[in-house]
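Student: Structure in structure tokens, see below.
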Amino acid sequence: MIGTVLAALVLLVVIGPVPAARALEIRTLTSPQGIPFWLVQVSELPVVTVDFAFAGGTRIEAAAKAGAATLASGLLVEGAGDMDGPAFQDALAARAVEFSTGVDRDAFSGSFRSLATEAEEAAKLVGLALTAPRFDADDIERDRQQLLVSLARSAENPQAIASRSLLAGLFPTDSYGRDTDGARETVAALSREDLVAYVSRQFTRNRLTLGIVGDITPEAAGRVVDLAFARLPAGEARPKAEPVSPSFFGETVVDRPIPQTIITFALPGILRSDPDWFPAFVMNHILGGGTFTARLFREVREKRGLAYSVGTTLYPLDRVGLLYGYAATRNDRARETVQVIRDEIARFADEGPTEAELAGAKKYLTGSFPLSLDGSGAVAGLLVTMQIHHLPPGYLDDRSSLIEAVTADDVKRVAKRLLDTDKLSVVMVGQPADGAGPAAPAAARISEDGARSTSHSSIQ
Amino acid sequence: MSASSSPVRRRPRPGRLVASLLVTSALLAGTPALAETPPSIAAATATAAAEAATPLLGAKSRVLENGLTVVVVEDHRMPVVSHMVWYRVGAADEPARRSGIAHFLEHLMFKGTEQTSGDEFSRLIAENGGRDNAFTSYDYTAYYQNIAADRLDLVMRLEADRMTGLRLRPEDATTELQVVIEERRSRTDNDPQTRFGEAYRAMVYAGHPYGRPVIGWPDELKTLDRDDAVAFYKAHYHPSAAIVVVAGDVKAEDVFRLAAGTYGRIPDTAGFDEAKRVRPAPAPLAGDRRLVQDAAGVASPSWRRSWLVPRAEVFGRDREEALDLMTFAMGGSSTSPLYRRLVVDEGIAVQAGAYYAGARDEGQLMVYAAPAPGVSITRLEAAVERALADILKQGVAPDVLERARTRMLADAVYARDSVSSTANMVGAALATGETLERIETWPQRMAAITGDQGMEALRAVMGPDQGMATGVLLPEGLSVDDPAPAVAATAVTPPSSEGTVH
């Protein structure tokens, strides 16, 4: 009996390509007050999710005001209009509204979700928070203390140190090099006026991108959009994306008395708008993408048992692209781990992918895409990301063929361009023992500092 | 197993999975709790949530001849499926001195069978556009694939194959043990908060295997080998010990047919009997059981206190749900009375809350807090005790209870938004002793719980006569009577006792 099962198993190896995802029907609409938004209407579950992003984020903070965006973000649920913080939070809770906001290096983003029957009430509350945040003195002080504690904690956290040090090294004078939560001195000095100045510059219709998913008609969705966003000012035009060049710096060790060395590393990456985006995307998947079949995973973890996690990801910021990597391993093998990673990067640049790797990557990257749409929140995030990257609604239909069109030569070309070990920049946090060979890192999860954490960033 | 790609999941509301994710709904009409106050916005929302999620899942299930349970939740919004195999065995079932073996075996399950050698398993999944992983907890070990719905047959064949067909090479076990040791370093050894959580849990659950870390004690972990893994595998991995959960774009009858043709062909040699999973009882909490530790790398002090909750068969399953609701009402969010009083009104804490973590055996109710700058742990503890005494005496306000109920019901609707969270919710509930019928009818019960019932359950667990344990973690060199450092007090992550390891 087992034999029968297994015989059938073997046949499955030659299965054909995964069929394209059932197309999502994206409607590009405009609210009665003239605000554009994308909508995917799904009626099976009576829930509505609205995702939004305002272009800017920590990029529009002055260096001396670093942390203003994060502090303002946290204070949005601490009261708005006539309601103080507890009253505002009770109003959200009574309707089971989920409302969250976050800040990254290129945007301020947020999301709210409610039962379909409560969508308009939810939108009113969010609209109030965006247009009339109270920023009461007591609340500012409490949240400031919380943020300072959080900064103190992340100053002790090896993974946070590793990703922060990497970005600070790459961008010593640019906002990209700063912690998105700001610094202790700047946070301590922020005033109410600084917060008001930040939100009035940040929350404008010209910077806004919107995606809605759920059991809601286009008309009702338009009302929701206007209730939440129509009272915002038009504001100045979006900031221009002036390119910035990373300062690749070699290797840095941050000494910490911990048994495991946390490793982060970076190489040149690629902008989302680059014509070589998809070859780079395929290349990253083969080298260090998030499956158990990637080369770094095989070489570092499966063959040598050096690390629990190891991998790379494309990190496309608005003004620069990076290839970001991570690993973590015991101190006495950290340098060996870095050397293995370095060797694999160099080998990829020399040899490119095998045909089997290329075919496997294409199958995975096309076939797994529908999995990223599990849940209306994921879809709403995708709608926002697509618009931020200027992708048309038809992108979802074209995506598979764009990936299928990538050739081995394409991947090899982009590997030569990006996988330059002379530029490999490595941070090791821990006490990597001295050993032969250049240092190399070992692993950690990508922290918020190292990669954008919202769903908006992960369009691929 | 898990590489860098641990599954991204919305953090469930603290509390028992059964109650937290699963739930929805309500038939609120005429419940005593509502009778106490005029209809509120929260009550109206709860009604809407209830209507929205009836029936809760509409799951279909079947038990195959070999004892394997199959549960299907159809969801046709996207052409994907989440397929999970839950083995009713976990870290709490490990032999003495072999802590970590359940999780180590979970890693080794990716090392191949006669038919799929080496990394073939994961390569097949990936080439078919799927994502796979696994995780281990105290009461269960689960393996899953999320994949295009028309590939369900592939993953069912692969899982059925490795249910009894694992072939382990000695060198795979040797290398993988190093990976797990690195995992422990990342997860625990590098993090003073986690190290403290591990020691605290051992104190709370003294005598019960829930007191061990799932990943294993360091000295035992390093001695595990292939033979331990194989012995554990042969003892516990059988069809009758497994629950297969499939959620997504499939028809239940098709799934049952596929299951019969794959899992159904495996003979059951063990005859899993839930009643035989007998673990030692935890020592009763008595006296001032307390762990105070200061450690390098700790930026700010924190305080926690736990009470043990008897097993559901003893405590009562309905009563346990009342406890879940009341604990969430008391301290489940920043709108709850514990947070409002200690953080907002008195300003003595920067974080305060409570949660209930249910399990197959004894559960745990935890209250936690972190002091504001200038406040000592001793002062904080006294303030928390006053707040708890008042809640135990007076209960919570009706609108507080209704907001909690609304949130729990709505969370159940939200959980259904994703096939993977749906499958998780079902599997975790069934693997810890719930029945499908109780899952489906959870909303009605949740809607009917009264404030009095909630308080009765709460007092039974944390009343003045009940034993408890207390934990304090401090920055290096600080004592419980020292004021918290100015920069040390805030966004403290609530302690977790869930103990799931990938």
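Student: With just the Cα atoms of the range B:317-407, tell me how far they stretch along each of the three principal axes, in Å, largest first.
Tutor: 42, 31, 23
Student: Determine the relative contact order of the range B:353-486: mean sequence separation of Cα pairs under 8 Å and six or more apart, normalised by residue count, in whole percent.
Tutor: 40
Student: What list of whole percents do you get for P(r) of the range A:206-340, with Cα-Cα distances grouped in 5 Å bins up to the one holding the largest distance?
Tutor: Each 5 Å bin holds this share of Cα pairs: 2, 8, 14, 13, 12, 11, 10, 9, 8, 6, 5, 2, 0.
Student: To the nearest whole number, what is the average tally of beta carbon atoms from other chains within 10 Å of the beta carbons of peptide A:200-210? Working shown, then result.
Tutor: Numbers: counts 0, 0, 0, 0, 0, 0, 0, 0, 0, 0, 0.
Across A:200-210, the average partner-chain Cβ count within 10 Å equals 0.
Student: Same structure, new question: Would you give the gap between the C-alpha center of the range B:294-344 and the C-alpha center of the range B:431-462, rounded to a whole Å?
Tutor: Taking the Cα centre of the range B:431-462 as reference, the centre of the range B:294-344 is 16 Å away.
Student: Zone of A:A237 (label point 7 Å along Cα→Cβ, backbone N under 11 Å): which residues in the range A:203-220?
Tutor: Of the residues in the range A:203-220, none has backbone N under 11 Å from the label point off A:A237.
Student: If you don't mind, there's one more thing I want to ask. Mind giving me the nanometre distance, one decimal, between the label points for A:D332 and B:E114, set 7 Å out from Cα along Cα→Cβ?
Tutor: Computed distance between label sites A:D332 and B:E114 equals 4.1 nm.
Student: Can you give the charge dipole size of the range A:117-194 about its Cα centre, rounded to the nearest 20 debye, using +1 on the beta carbon of Lys and Arg and -1 on the beta carbon of Asp and Glu?
Tutor: Charge dipole of the range A:117-194: 320 debye, to the nearest 20.
Student: While we're looking at this one, here's another question. Averaging sequence separations of C-alpha pairs under 8 Å and six or more residues apart, then dividing by the length of chain B, give the relative contact order as a whole percent.
Tutor: Numbers: 1045 pairs, mean separation 138.0, N = 502.
That works out to 27 percent.
Student: Let me ask you something else. Taking the Cα centre of the range B:137-220 as origin, sum charge times position over the Cβ atoms of Lys and Arg (+1) and Asp and Glu (-1), and report the length of that vector in debye to the nearest 20.
Tutor: 120
Student: What are the aspartates and glutamates whose alpha-carbon lies under 13 Å from the alpha-carbon of A:K240, with same-chain residues fewer than 8 places away excluded?
Tutor: Partners within reach: A:D106, A:D318.
Student: Oh, and also: Starting from the Cα gyration tensor of the range A:139-196, take the square roots of the eigenvalues, sort them a ≥ b ≥ c, and report rounded, prolate or oblate (rounded when a/c is under 1.5, otherwise prolate if a/b is larger than b/c, else oblate).
Tutor: Note, shape of the range A:139-196 comes out oblate.
Student: Please list 3J(HN,Hα) in residue order for the range B:297-314, calculated via the Karplus relation 6.51 cos²θ - 1.76 cosθ + 1.60 where θ = phi - 60°; whole Hz, with x for glycine and proline.
Tutor: x, 9, 8, 8, x, 8, 9, 8, 9, 10, 10, 7, 10, x, 4, 4, 4, 8
Student: Now for a separate question. What FRET efficiency would be calculated for the residue pair B:V314, B:A235, taking the C-beta separation as r and a Förster radius of 25 Å, to the nearest 0.05?
Tutor: The computed FRET efficiency comes out at 0.40.
Student: By average Cβ neighbour count within 10 Å, what is the ranking of A:126-139, B:464-477, A:149-162 from highest down?
Tutor: In decreasing order of mean packing, A:126-139, B:464-477, A:149-162 become A:149-162, A:126-139, B:464-477.
Student: Turning to a different aspect of this structure: Would you pull out the residues with amide H under 5 Å of B:L291's amide H, same chain only if 5 or more places away, H placed 1.01 Å from N?
Tutor: Answer set, sorted by chain and number: B:T470, B:G471, B:V472.
Student: Can you tell me the FRET efficiency between B:T435 and A:D136 if r is taken as the Cβ-Cβ distance and R0 is 45 Å, rounded to the nearest 0.05?
Tutor: Working from the Cβ atoms, E equals 0.35.
Student: Using only the C-alpha atoms of the protein assembly as shown, find the volume of their convex hull and express it per residue in Å³.
Tutor: Details: hull volume 140.7 nm³, N = 962.
Here the figure is 146 Å³ per residue.
Student: Here is a follow-up. Per DSSP helix of 4 or more residues, -39500 (n - 2.57); summed, then divided by the residues of chain B. What does that give at 222 nm, rounded to the nearest 500?
Tutor: -11500 deg cm²/dmol
Student: I'd like to check one number: the per residue accessible area of the protein assembly as shown, probe 1.4 Å, reported in Å² as a whole number.
Tutor: 35
Student: Excluding residues on the same chain fewer than 8 positions from B:K111, give the lysines whose Cα lies under 29 Å from its Cα.
Tutor: A:K303, A:K362, A:K363, B:K222, B:K234
Student: How large is ³J(HN,Hα), in whole Hz, for each residue of the range A:47-56 in order, when computed from phi with the Karplus curve 6.51 cos²θ - 1.76 cosθ + 1.60 and θ = phi - 60°, using x for Gly and Pro?
Tutor: So the Karplus estimates, Gly and Pro as x, are 10, 10, 10, 10, 10, 9, 9, 10, 4, x Hz.
Student: Write out the chymotrypsin sites (Phe, Trp or Tyr not before Pro) in the range A:329-418 meeting two conditions: DSSP loop, and at most 12 other Cβ atoms within 10 Å of their Cβ.
Tutor: Counting only loop positions with at most 12 other Cβ atoms within 10 Å, none of the chymotrypsin sites (Phe, Trp or Tyr not before Pro) in the range A:329-418 qualifies.
Student: Could you rank the peptides B:271-283, B:393-405 by their average count of other C-beta atoms within 10 Å per residue, with the highest value first? Intermediate values should be presented prior to the final figure.
Tutor: Details: B:271-283: 12.5, B:393-405: 21.0.
Peptide ranking by packing, descending: B:393-405, B:271-283.
Student: Relative to the first principal axis of the alpha-carbon coordinates of chain B, what is the inclination of helix B:41-52, with its axis defined by its Cα atoms, in degrees from 0 to 90 and to the nearest 10?
Tutor: Its long axis makes an angle of about 10 degrees.
Student: If you don't mind, there's one more thing I want to ask. Quick one: go through the range B:375-416 and flag any residue whose amide nitrogen is under 18 Å from the point 7 Å out along the Cα-to-Cβ line of A:E44.
Tutor: It comes to B:412-416, nothing else.
Student: Please report the relative contact order for chain A, taking Cα pairs under 8 Å with a sequence separation of at least 6, and give it as a percent rounded to a whole number.
Tutor: Once divided by the residue count of chain A, the mean separation gives 22 percent.
Student: Nearest 10 degrees, 0 to 90: what angle lies between the long axis of helix A:376-388 and the longest principal axis of chain A (Cα atoms)?
Tutor: 90
Student: Could you tell me the ratio Rg/Rh of chain A? Both radii from Cα atoms, Rh via Kirkwood.
Tutor: Here the Rg-to-Rh quotient is 0.99.
Student: Output wanted: per-residue J couplings in Hz (rounded whole) for the range B:266-276, from phi through Karplus 6.51 cos²θ - 1.76 cosθ + 1.60, θ = phi - 60°, x for Gly and Pro.
Tutor: Couplings: 8, x, 9, 9, 10, x, 4, 10, 4, 5, 8 Hz.
Student: Positive end of the charge dipole of the range B:252-362 (Lys, Arg +1 and Asp, Glu -1 on Cβ, about the Cα centre): tell me which of B:V292, B:G358, B:G347 has its Cα farthest that way.
Tutor: B:V292
Student: Another question, if that's okay. Would you tell me the mean number of C-beta atoms belonging to other protein chains that fall within 10 Å of each C-beta in B:292-301, as a whole number?
Tutor: 3
Student: Can I ask one more? B:E320: accessible area at probe 1.4 Å, nearest 10 Å²?
Tutor: For B:E320, solvent-accessible area is about 10 Å².
Student: Additional query: Give me the distance between the Cα centres of the range B:409-426 and the range B:179-222, rounded to whole Å.
Tutor: 30
Student: Which whole number gives the average count of other chain Cβ atoms within 10 Å of the Cβ atoms across peptide A:139-151?
Tutor: For peptide A:139-151, the averaged partner shielding equals 5.
Student: Using the alpha-carbon atoms, what tilt in degrees (0 to 90, nearest 10) does helix A:2-12 show relative to the longest principal axis of chain A?
Tutor: Helix A:2-12 and the main axis of chain A meet at about 80 degrees.
Student: If you take the accessible area of B alone plus A alone and subtract the pair, what total do you get in square angstrom, rounded to 100, with a 1.4 Å probe?
Tutor: On the way: alone 20390 and 20330 Å², together 33220 Å².
Interface between B and A: roughly 7500 Å².
Student: Okay, moving on. Tell me the trypsin sites (Lys or Arg not before Pro) within the range B:240-275 that lie in a loop according to DSSP and have at most 11 other beta-carbon atoms within 10 Å.
Tutor: Sparse-neighbourhood loop trypsin sites (Lys or Arg not before Pro): none present.
Student: For the protein assembly as shown, which whole percent of the accessible surface, found with a 1.4 angstrom probe, sits on carbon and sulfur atoms?
Tutor: Of all accessible area on the protein assembly as shown, carbon and sulfur atoms account for 52 percent.
Student: Right, something else. Assigning unit charges at the beta carbon (Lys, Arg +1; Asp, Glu -1) and nothing else, what dipole magnitude in debye, to the nearest 20, does the range A:223-365 show about its Cα centre?
Tutor: The calculation lands at about 460 debye.
Student: Can I ask one more? Compare the Cα positions of B:G118, A:G321, B:V461 along the charge dipole of the protein assembly as shown (+1 at Cβ of Lys, Arg; -1 at Cβ of Asp, Glu; about the Cα centre) and return the one farthest towards the positive end.
Tutor: Going by the charge dipole, the pick is B:G118.
Student: Report the one residue of B:G316, B:A42, B:T441 whose Cα lies farthest in the direction of the positive end of the charge dipole of chain B (charges on C-beta: Lys and Arg +1, Asp and Glu -1; origin at the Cα centre).
Tutor: B:A42
The values are calculated or read from the model by the stated rules, or taken from the named source; none is laboratory data. From a predicted model like this one, the values you see are computed outputs, not experimental measurements. When we count neighbours, we look across all protein chains shown, and the Cβ atoms used for this are built from the backbone with ideal geometry, even at glycine. Protein only, heavy atoms only, side chains kept; ligands, DNA and RNA dropped before computing areas. Shrake-Rupley method; radii C 1.70, N 1.55, O 1.52, S 1.80 Å.
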